[in-house]
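Structure first, commentary second.
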Amino acid sequence: MLNVFLLSVCLLMFNQDATAQCDPINGSTDWIQHNGASGANYYIYDDGTNIRHALKADNNRLANGSNAANTVVKETAGADLNTEYSQITITYKAANTTGANNWMIGWSANPEFIGAGSTSRIQAANPTATQYQTQWLANILLGGSAGTTMAINTAQGATKTISTADYGYTAADGDVITATLIPQPDGTAALTVKVYRPSVGYDVFNTTYYAAVNAASVANGDIYPVLYMTTGASNVACLSAVADTYTPSTFAAPSCQTINSSTDWLQRNGASGANYYIYDDGTNIRHALKTNNNRLANGSTAANAIVKTSGGANLATDYSQISITYKTANSGGANNWVLGWTANPDFTGNNGGSRIQAANPTATQYETMWLANILFAGGTGQNMAVNTSEGVTKNINTSQLDYNGQDGDIITATLIPEPDGTASLNVKVYRPSLGRYVLNTTYRNAVNAASVAHGPIYPALYLINGETNVSCLSSTTGPLSALPVGFGRISGKISNDQLVINWQTLTESNNDHFEIEASADGKNFTKIGTVASQATDGNSSQPLNYEFSIEAAGASALMGIGSLILLAGSLMAKRRNRKIIGLSALSFMVFAATFVSCNKKGDALDVSGNKPLYIRIAQVDKDGKKAYSEVVKVFNQK
């Protein structure tokens with residue numbers, strides 16, 4: 001289960017590749033130069049250290065303080081956002097001078113896009129042909145006086161300026177920025193933005209923006225990755241972009257835990273809640289009178305908490321996760337409640353804002369204050385706020401994320417240990433009516449190092465008034481080592497007569513080796529190879545890249561399917577389908593070999609392209625336990 005949890009925290013398989021292979025820029029037939037009027041004498045150039053503006057005549061840097069308008073567009077990486085994701089990775093470099101380090105990465109519907117201002121992006125429900133030619137679909141801007149301020153521009157709302165109290169992110173030299181557009185069930189595309197900082201060994205920013213590209217723009221056609229530079233001071237490095245088939249995962253609703261007379265969730269009543277307690281009436285969890293279980297009168301206030309005393313977690317090694325379903329208020333009054341963690345198993349709760357921020361907390365603070373929490377309040381209780389050890393209260397119903405609670409929303413909050421001794425807080429909201437997430441964001445240093453080291457932490461729910469409704473409360477905890485591997489991207493190709501599978505791990509713990517498995521039906525998998533872990537003693541907190549290959553000719557001979565190579569080669573001529581074709585051909589050959597040697601049911605494999613084929617990576621820890629990557633489903637793209 002933790003495998004599913006961490007993949008969803010990182011938005012499934014779209015994790016940044018901190019060791020990404022850099023794409024060639026100079027003379028590239030993939031990244032094509034497109035110059036605006038003010039950039040006619042310049043172009044974007046990789047000098048071996050920085051990607052920056054250069055004079056066409058001699059490749060010297062454009063003078064600092066000068067402005068130009070130049071783009072490179074990866075025309076060979078066009079993606080259909082109905083079925084494919086598109087990912088851009090770039091390394092932030094400090095400005096060449098104290099001048100502005102202004103540049104953008106993003107996407108355009110125009111493969112000859114010459115760039116535009118960051119806020120010139122498509123927000124119209126029915127865009128015009130001119131808008132598709134001249135405006136961004138979505139972008140990330142690095143700017144400000146020193147070029148360290150990040151801003152996000154999507155089809156939704158105003159510009160999201162990241163270097164605010166909500167996130168406190170400021171770009172630092174060497175940051176690896178990864179932006180991914182991901183298809184959504186409602187026909188839109190979400191934008192996940194993550195920043196990996198090698199100096200600390202983990203992500204320092206990770207947030208998803210939903211409906212980043214609207215449905216009309218998704219349906220319009222292919223979208224293309226773009227880098228746009230505007231000044232001579234600008235520096236970046238290691239630009240790359242990929243597009244590949246997207247395979248969504250099925251959401252698994254958490255199981256509801258028992259509240260009434262529970263020996264796990266124990267009642268903790270404050271002075272104003274002595275006559276009431278938290279009660280599950282089968283529809284809602286709410287305040288009830290102790291004498292008869294009737295609802296606390298609307299407009300009344302009380303102070304009651306339940307604490308899962310059996311759910312204590314050591315945040316140095318364990319994650320702690322709480323899930324709850326949002327319900328509308330019983331009346332038009334406020335639906336006020338708080339969900340979070342405490343160091344005190346006898347915690348009676350407070351209104352949410354009172355949480356530990358001190359670097360060296362006192363015993364009284366551990367007894368009376370939250371470690372971190374999520375608060376629902378406001379006029380109708382739809383407004384979410386997040387309280388952590390860092391900064392001010394994070395109000396979610398703002399232009400940053402623009403989320404308001406709706407009946408049935410499934411809210412999941414997870415505290416996750418980090419390498420620097422702190423814990424991060426990931427907050428996600430799944431909306432069943434849309435069949436997708438509507439919020440997914442992570443707050444770093446949510447619990448500071450002193451509080452992590454202090455001892456166990458306990459999940460708690462705190463209800464404040466008679467209108468309050470929630471349902472389906474649950475909490476789980478477990479060691480991070482329960483998931484020996486967090487998987488990154490998986491891909492396949494045919495190269496130099498070899499069938500090749502590549503994958504990345506983001507973290508490894510107690511890992512021994514990997515087994516590459518193949519299936520014709522997505523259910524019955526057969527091992528086709530083994531690769532040892534690269535991690536020292538099986539443990540790593542850094543991304544590691546792996547490759548497995550077998551001879552294509554040998555695989556072809558097993559089934560006499562040499563014609564499949566010809567089919568794959570002819571399909572390779574279709575630019576957009578290169579990656580999918582390589583993976584499809586790989587899968588065909590693997591499954592053909594599997595059929596000959598290992599097929600136990602005698603079912604014939606369909607290589608006509610009418611049925612999907614599947615691969616997955618099995619991770620095996622030193623105790624022999626297995627955990628699996630996402631299954632990659634591929635089709636023969638004719």
Legend entry - Flag if Thr342 is among the polar types (S, T, N, Q), open to solvent by less than 30 Å² (accessible area, probe 1.4 Å) and in contact (Cβ under 8 Å) with a residue 12 or more places away in the chain: yes
Inset, instruction - Give the residue that is nearest to Pro345 (Cα to Cα), with candidates limited to residues of the stretch 294-313 that are touching a strand residue (DSSP E or B) at 6+ places or on another chain (Cβ under 8 Å) and either free of Cβ contacts under 8 Å to residues at least 24 places away in the same chain or part of a helix (DSSP H, G or I) (or both). - result: Thr309
Inset, instruction - Mind listing whichever residues of the stretch 363-388 are open to solvent by 30 Å² or more (accessible area, probe 1.4 Å) and assigned to a helix (DSSP H, G or I)? - result: Ala363, Thr364, Gln365, Glu367, Thr368
Legend entry - Flag if Ala423 is over 30 Å from Asn330 (Cβ atoms), touching a Pro at 6+ places or on another chain (Cβ under 7 Å) and open to solvent by 20 Å² or more (accessible area, probe 1.4 Å): no
Legend entry - Single condition Val193 does not satisfy, out of (1) out of contact with any Leu (no Cβ under 9 Å at 6 or more places or on another chain); (2) part of a loop (DSSP other than H, G, I, E, B); (3) not aromatic (Phe, Trp, Tyr): (2)
Legend entry - Meets criteria (out of contact with any Ser or Thr (no Cβ under 6 Å at 6 or more places or on another chain), open to solvent by less than 30 Å² (accessible area, probe 1.4 Å), assigned to a strand (DSSP E or B) and under 30 Å from Gly435 (Cβ atoms)) for Leu239: no
Inset, instruction - Report the residue count in the stretch 125-142 for those that are surrounded by fewer than 20 Cβ atoms within 10 Å (Cβ to Cβ) and not polar (S, T, N, Q). - result: 4
Inset, instruction - Return yes or no: is Thr230 surrounded by 16 or more Cβ atoms within 10 Å (Cβ to Cβ), in contact (Cβ under 8 Å) with a residue 60 or more places away in the chain, under 31 Å from the mean Cα position of the chain (by Cα) and not in a strand (DSSP E or B)? - result: no
Inset, instruction - Among the numbered conditions (1) in contact with a Lys or Arg (Cβ under 8 Å, 6 or more places away or on another chain); (2) at pLDDT 95 or above; (3) farther than 20 Å from Ala243 by Cα, tell me where Tyr42 comes up short. - result: (2)
Inset, instruction - Determine if the stretch 277-293 includes at least one residue that is part of a strand (DSSP E or B), in contact (Cβ under 8 Å) with a residue 12 or more places away in the chain, open to solvent by 20 Å² or more (accessible area, probe 1.4 Å) and among the acidic types (Asp, Glu). - result: yes
Inset, instruction - Enumerate the pairs (first residue in the stretch 167-185 and in a loop (DSSP other than H, G, I, E, B); second residue anywhere and open to solvent by less than 10 Å² (accessible area, probe 1.4 Å) and of a type in the set (Ser, Thr, Tyr)) with beta-carbon separation below 6 Å, excluding pairs fewer than 6 apart on the same chain, so at least 6 apart or on different chains. - result: Ala171/Tyr92; Asp175/Tyr92
Inset, instruction - Output the residues belonging to the stretch 63-89 that are closer than 24 Å to Gln184 by Cβ and part of a strand (DSSP E or B). - result: Lys74, Ala79, Glu84, Tyr85, Ser86, Gln87, Ile88, Thr89
Inset, instruction - Name the one entry in Asp244, Asp203, Asp222 that is of a type in the set (Asp, Glu), open to solvent by 10 Å² or more (accessible area, probe 1.4 Å) and either over 17 Å from the mean Cα position of the chain (by Cα) or modelled with pLDDT of 95 or more (or both). - result: Asp222
Legend entry - the stretch 258-271 residues that are in contact (Cβ under 8 Å) with a residue 24 or more places away in the chain and within 11 Å of Thr309 (Cα to Cα), paired with ones that are crowded, with 16+ Cβ neighbours inside 10 Å and among the basic types (Lys, Arg) (beta carbon under 8 Å, 6 or more apart): Asp264/Lys308; Trp265/Lys308; Leu266/Lys308
Inset, instruction - May I ask you to list the residues in the stretch 413-440 that are out of contact with any strand residue (DSSP E or B) (no Cβ under 7 Å at 6 or more places or on another chain) and part of a strand (DSSP E or B)? - result: Arg436
Legend entry - Residue that is out of contact with any Asp or Glu (no Cβ under 9 Å at 6 or more places or on another chain), touching a residue at least 12 places away in the same chain (Cβ under 8 Å) and open to solvent by 10 Å² or more (accessible area, probe 1.4 Å), where the choices are Gly391, Gly349, Gly435, Gly405: Gly349
Inset, instruction - Please specify each residue of the stretch 521-549 satisfying the condition of being at pLDDT below 70 and either more than 30 Å from Asp203 (Cβ to Cβ) or open to solvent by less than 50 Å² (accessible area, probe 1.4 Å) (or both). - result: Asp521, Gly522, Lys523, Pro543
Legend entry - Selection from the stretch 79-95 of residues that are open to solvent by 30 Å² or more (accessible area, probe 1.4 Å) and touching a Lys or Arg at 6+ places or on another chain (Cβ under 9 Å): Asp80, Lys93
Legend entry - Sole exception among (1) under 22 Å from the mean Cα position of the chain (by Cα); (2) touching a residue at least 60 places away in the same chain (Cβ under 8 Å) for Asn153, by number: (2)
Inset, instruction - Kindly indicate the residue of the stretch 96-117 that is of a type in the set (Gly, Ala, Ser) and surrounded by fewer than 22 Cβ atoms within 10 Å (Cβ to Cβ) and also farthest from the chain's Cα centre (by Cα) among those meeting that condition. - result: Gly99
Legend entry - Residue among Tyr462, Tyr458, Tyr443 that is touching a Pro at 6+ places or on another chain (Cβ under 9 Å), buried (at least 22 other Cβ atoms within 10 Å of the Cβ) and not in a loop (DSSP other than H, G, I, E, B): Tyr458
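The values are calculated or read from the model by the stated rules, or taken from the named source; none is laboratory data. The structure displayed is predicted, hence computed values, not measured ones. So basically every Cβ, Gly included, is an ideal-geometry build from the backbone, and we count neighbours across all protein chains shown. Just the protein is used for accessible areas: all its heavy atoms, side chains included, with ligands, DNA and RNA removed. Shrake-Rupley method; radii C 1.70, N 1.55, O 1.52, S 1.80 Å.
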